[in-house]
Amino acid sequence: MLLIPCPWCGPRDEIEFHYGGQAHVAYPEDPAALSDEEWARYLFFRDNPKGRFAERWSHSAGCRRWFNVVRDTATNEIHAVYRIGEPRPVIA
Amino acid sequence: MAERRNADRRSADRRSPLAGFAARFETASAGGALRLAEIPFLTQLNLRVDAKSPAAERIGRALGTTLPVEPGSAVRSGDLTVLWLGPDEWLVLGPDEGEAEIGAGGAGLRDRLVEAAGSADGHVSVVDVSAQRTTLVLAGARARDVLAHGCALDLHPRVFGPGRCAQTLLARAQVVLVARETDEFWVLCRSSFAGYVAEWLLDAAAEYVT
Amino acid sequence: MTSRPGEVVRFRFDGRDYEGRRGDTLAAALLANGVRRVSTSVQLGQPRGIFSAGGEEPNALVQIETPFPEPMLPATTVEICDGLVATGLPGKGRLADRPDPARYDTVHAHCDVLVVGAGPAGLMAAAEAARGGARVILADERPAPGGSLLGTAEAVDGLPGRRWAAERAAELDGLADVRVLCRTTVFGHYDDNYLVAVERRTNHLGAAAPATTARERIWRIRARRVVHATGAHERFPAFAGNDLPGVMLAGAARTYVNQYGVRPGRRAVVLTTNDTAYPAALDLAAAGIEIAAIVDVRQAPGEEWARRCAERGIDVLTGHVVTAARGAGELSSVVVAPEDGGQARDVPADLLLVSGGWTPVVHLFSQAGGTLRFDEEIGAFVPGDTQARDVRLAVEVAGSARGVPTLSGCLRDGAEAGRRALAAAGFAVPDQAPPPAVEDEPAAAPARHLWLVPAADGDGDDYREHFVDLQRDVTVADVLRATGAGLRSVEHVKRYTTAGTAHDQGRTSGLLTSAITAHALGLDVADLGVTTFRAPYAPVSFAALAGRDRGHLHDPVRVTAMHDWHVARGAPLENVGQWKRPWYYPLDGEDMTAAVLRECRAAREDVAMMDASTLGKIDVIGPDAAELLDRLYTNMMSTLPVGSIRYGVMCRPDGMVFDDGTVIRLAEDHFLATTTTGNAAAVLDWMEEWLQTEWPSLRVHCTSVTEQWATVALVGPRSREVLAGLAPGLDVGNASFPFMTWRDAEVAGIPARVCRISFSGELAYEINVRSWYGLALWEAVNAAGVTPYGTETMHVLRAEKGYPIIGQDTDGTVTPQDLGMAWVVSKKKADFIGKRSFSRADTVRPDRKQLVGLLPEDTGRLLPEGVHLVEPGGTRALGHVTSGYRSAALGRTFALALISGGRERVGERLHAAMGEEMIPVTVTHHVLYDPEGARRDG
């Protein structure tokens, strides 16, 4: 049971959150201008690294805010939590 | 006269989600270790507004308290309570106001807030959710122990004392938990889940009340 | 010791009555009564005795019958109570054949410092943390604190160890922010210091257990720091016959004598690789057990111990080994020989104490992600650097769990760990207190690490009697067969041989398995390693894990304000997500088919009502509300006039239908969107996700009002007339209150919002009131002579009209076009979620599965959901039935189906494959009833 630090509510059990997949995958500016392949890339392709991964979570059973987390997928250590719209922090 | 008759009829027709639990709550409260009861029909308004806006300030004046901006804090102002639900979201609790017409203007809390919000700047929503949730009061020396059976939050008085509130899970239902006094909590749960939450609380309390 | 002090407890084992003493484990009480054979091994059917005195027991598994049947419990952990009935496990256990009446529960707990293990190190760690003001939880699996002190009877601060521990624990428990939990096994250490423990609260009370006290409690503990003071398990070397009843770990025998006052045998041989068996032998001797010999595999035992043995007249044979334990069904003699060859001799004995050294209990540390290193001195794996990995563990390890060999060392180490934890948790560390005094601690001689005693000629030389894992009956021969088959990893050897996979998870044998494997491969066990430690550390019952979440509390049950009425009317309930909805309302003597046909007729021919409160409802408010809805729904919502209602469909970006419902416009900047019953939360989350992550500049707020409203659907040609009667102030004329509009009105004296919406094709209304008026409204409408109907009739009525149910007729691979609803997809909007996908090659394939109707040729034949459709004579599945019903209106059965290229197949004859049977059906358009829509205005 991860302890996820909601940027608003503070640390809460993982069970209160919904996972939202990879962060910083923006909805394309003009989908109509994309080729089928480019659109498919947006729809279906995501990174799957072993190590640090920027991903989205929503505190669905709490304040219902979406936010971003940099989590190490191998150790589950959370390196950073930041609000939507903020750039991915640089972590040493 | 017809209006008056309708108003009487309406309050007779009103039935709270946990009306059927009153006797069992009383039995569970008889021993003194715990008090469990429904507080039905509280006025509840979901308020969304930018906390830094002039509208928020005006709403604060109407409420008699500034909107709490610290996450998980609850403030009281007379018979009103304002709970922080999110960075731009609050739940305003007030006493039962009987029944106003749907969508009609009037002197009710909702209308006061809508008026205070105005329409000149920003955008504010005030949604009546009085019947969306019902309120349970759980009090007594063992109240914290009962909650700890199903709530993963740290309820230690130093951490979750009077003036704190949280949206979280109790057993498998979403609730708004409010620390009213040192040993008194309000549990606000959605009306459809109320029976489940009540059954769960009675079961969790069994060890302490028999 | 024939009459032990203490309260007498009567119990029954294997059909015979015995007496024990309060506080005995079943193992202690059996040994006190001379019972040495307890169970039968699972593979070989060998008799097995009591091997240990704790939770690491591999052999003495029992089945409890009374108070309540429970299989696979180690007799070494079962506390006897009056009336206990148990049997030795005949290989396998047996579950109860009746429901367990006991209660089980969960407690969530938080602390600054959790200390696992209340032995010398754990007690000191907890005391130091508490002294610094931390919130502390101290958990121990035994009934009393003290850990090793319970069995060794060593003195601390001039007190018997047991008393010293009890007093320290009582002091701690008296502090406001400290909790001492006995009979509590911490069995899992998960991410972010989330630890899970099981407390056995009433087992030892037997029939006297209070009914309202949970029998077992799961503790879910979030700790800022954890101190693992989990101790060490004694291990044994592999030698022939080491599974015989009468072979026992040396420390266990010492515990039986010291803690329980029980003699586990009369004449003992001791086999040891280290000094710790010496005080055991001396304690046994002091208790009147004859020590025939101490067989020490070393040349040089600790001098002081050797002196004390000499003083007591105990023969110490250095450089010797036990090559075999012998006996028929239980130990009767031990074969002792010099290790370097020489004359073997047979020593009569009914007890063989073995000590192969001590293995730190690193399970929880390892589960937490801690790495291990091999300690040459103790010959076992110990916790490595807690900061070694990427993830920095908020964990300390103290005492024998990290290989500290002495009592005074463990006391000191525990105190230090407690202080480290305190500092790490952010507390000021108080001045160091003087450590408790330990008087008798002779200097130890180095241990020798002997894993395998080679078989003597003709005595077990096939290694089939050299047991490695007693509970799984795995022998050295099995390990050799595994390595002989080419296995090189200890993980593979474990799975090949099953060593370490039993109930005891190889606590006494895991390291031995690795060592034997390493030996066979010519490797060093330090390099080979051990198998991964996974939770749970000890077996946990499913009942405990389920806790309160069973029976009527198994899952939240959601009900509407009218629920009690439905139940009182005898309506069976259908589960829709967590909702309980009335399925149909049978009259006397009616079955489901008859009831549903009657309800359908009432809706189509007269007037009927349904509880529609479960639909999700979301208030969408703000200047950009229309813009948000235009982006999320496939059709245009911004053009909807105030006062009107529009049906809409939402898709995922991939173009697949996600949800549908109606949108009503309450004001220029205020909409109310309804969702399907099961998707209410998901749709709200969906709206928030787009608003917060993609379109934060849109000025819109979304608020769930699902339970704010109770909804009664009033359906049928007479519904207008009934509504007019209930709402005299409402102009219900078709022109003044047209289809897809809403009005506020009083209905039965209750403020209501009435929507003219139809999910049946009939003239219909949905009357919404604040949910606390739901029952009153329902009763008032019913009193007007309206027939109630349930979800089954609702399904039939909508299916006759070809209206899909999202999640039943769709499965996340269906576009609006597939559903025959191209009309709901806007061609005017520049973009909306899903639009781009409608021009992907995959979504424009002509052979996509499309929603069609099916008419079985046998008009009474009902097609079950999921049945596949094939061309006559063909075998390729073209699609499947998504809904199948009997229709009163059509006078026959019909179905909806998703079929490849379905719309092109209208008129075709297909077969529905029901096992071997082929049921002929005709494909039709999916709207079967009133396709011209003539009925909706009444």
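The values are calculated or read from the model by the stated rules, or taken from the named source; none is laboratory data. Given the structure is predicted, the values throughout are model-derived calculations rather than measurements. All Cβ positions, glycine included, derive from the backbone under ideal geometry; neighbour counts span all protein chains shown. Only protein heavy atoms, including side chains, enter the accessible area calculation; ligands, DNA and RNA are left aside. Shrake-Rupley method; radii C 1.70, N 1.55, O 1.52, S 1.80 Å.
Tabulated results
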{"item": "Shape of the stretch C:457-523, Cα gyration tensor, a/c cut at 1.5", "result": "oblate"}
{"item": "Between the stretch B:156-172 and the stretch C:355-404, the Cα center-to-center distance that results, in Å", "result": "37 Å"}
{"item": "Radius of gyration and Dmax over the Cα atoms of the stretch C:733-849, both given in Å", "result": "19.1, 56"}
{"item": "Largest-first principal axis extents, alpha carbons of chain C, Å", "result": "114, 70, 56"}
{"item": "DSSP bridge pairs, the protein assembly as shown: antiparallel proportion in percent, nearest 5", "result": "80 percent"}
{"item": "Descending semi-axes in whole angstrom, ellipsoid equivalent of the stretch C:616-707, from the Cα gyration tensor", "result": "17, 15, 13"}
{"item": "Ordering of C:552-565, C:583-596 by burial proxy (mean other Cβ atoms within 10 Å per residue, highest first)", "result": "C:552-565, C:583-596"}
{"item": "Relative contact order %, chain B, counting alpha carbon pairs below 8 Å whose residues are six or more apart", "result": "24 percent"}
{"item": "The protein assembly as shown, helix-only ellipticity at 222 nm - DSSP H runs n ≥ 4, -39,500 (n - 2.57), divided by all residues, nearest 500", "result": "-6500 deg cm²/dmol"}
{"item": "Gyration tensor (alpha-carbon) shape descriptor, the stretch C:345-487, a/c threshold 1.5", "result": "oblate"}
{"item": "DSSP-defined beta bridges in chain C - what % are antiparallel, rounded to 5", "result": "70 percent"}
{"item": "Spin-label pair C:GLU916/C:ARG534, simplified geometry with 7 Å Cα→Cβ offset, distance in nm", "result": "4.3 nm"}
{"item": "Cβ neighbours within 10 Å from other chains - mean over C:701-712", "result": "6"}
{"item": "Dipole of the protein assembly as shown [Lys/Arg +1, Asp/Glu -1 at C-beta], most positive-end residue of C:PRO101, A:TRP8, C:VAL852", "result": "C:VAL852"}
{"item": "Number of partner chain Cβ atoms within 10 Å, mean per residue of A:80-87", "result": "1"}
{"item": "10 Å Cβ neighbours from other chains, averaged over peptide C:549-562", "result": "5"}
{"item": "Cysteines without a disulfide-compatible partner [chain A; Cβ-Cβ under 4.7 Å]", "result": "A:CYS63"}
{"item": "Distance between modelled label sites at A:ARG46 and C:LYS828, nm, 7 Å Cα→Cβ extension", "result": "3.6 nm"}
{"item": "Two-site FRET efficiency, C:VAL429 against C:THR66, from Cβ-Cβ distance with R₀ of 51 Å, rounded to 0.05", "result": "0.50"}
{"item": "Gyration tensor verdict on the stretch C:842-933 (Cα atoms; rounded if a/c is under 1.5, prolate if a/b is larger than b/c, oblate otherwise)", "result": "oblate"}
{"item": "Residue among B:ALA55, B:SER29, C:LEU271 farthest towards the positive dipole end of the protein assembly as shown, charges placed on Cβ", "result": "B:ALA55"}
{"item": "Whole-angstrom gap from the stretch A:54-74 to the stretch C:651-728, using each part's C-alpha centre", "result": "27 Å"}
{"item": "Separation in nanometres of the label points that stand 7 Å from Cα toward Cβ, at C:VAL8 and C:GLU171", "result": "4.0 nm"}
{"item": "All-pairs Cα distance distribution in the protein assembly as shown, expressed in whole percent, bin size 10 Å", "result": "2, 8, 15, 17, 16, 14, 12, 9, 5, 2, 0, 0"}
{"item": "Two-site FRET efficiency, B:ARG158 against B:SER119, from Cβ-Cβ distance with R₀ of 35 Å, rounded to 0.05", "result": "0.20"}
{"item": "All lysines inside 24 Å of C:LYS849 as judged from Cα atoms, apart from same-chain residues fewer than 8 positions distant", "result": "C:LYS801, C:LYS827, C:LYS835"}
{"item": "Heavy-atom accessible surface that C and A bury in contact, both chains counted, 1.4 Å, Å² to 100", "result": "2500 Å²"}
{"item": "FRET efficiency for C:LEU44 and C:ASN734, using Cβ-Cβ distance with R0 set to 60 Å, rounded to 0.05", "result": "0.10"}
{"item": "Burial ranking of peptide ranges C:535-543, C:95-103, C:768-776, C:849-857 (average Cβ count within 10 Å, highest at the top)", "result": "C:768-776, C:849-857, C:535-543, C:95-103"}
{"item": "Amide proton proximity set for C:VAL867, modelled H, under 5 Å, gap of 5+", "result": "C:VAL881"}
{"item": "Built amide H within the under 5 Å cut-off of C:ALA324, gap 5+", "result": "C:VAL335"}
{"item": "C-alpha long axis of helix C:510-521 to longest principal axis of chain C, angle in °", "result": "80 degrees"}
{"item": "Between helix C:161-173 and chain C: long-axis angle, C-alpha atoms, 0 to 90°, nearest 10", "result": "30 degrees"}
{"item": "Between 0 and 90°, nearest 10: helix C:277-286 axis offset from chain C longest Cα axis", "result": "70 degrees"}
{"item": "Pairwise centroid distance, computed over Cα atoms, of the stretch C:1-51 with the stretch C:92-128, Å", "result": "25 Å"}
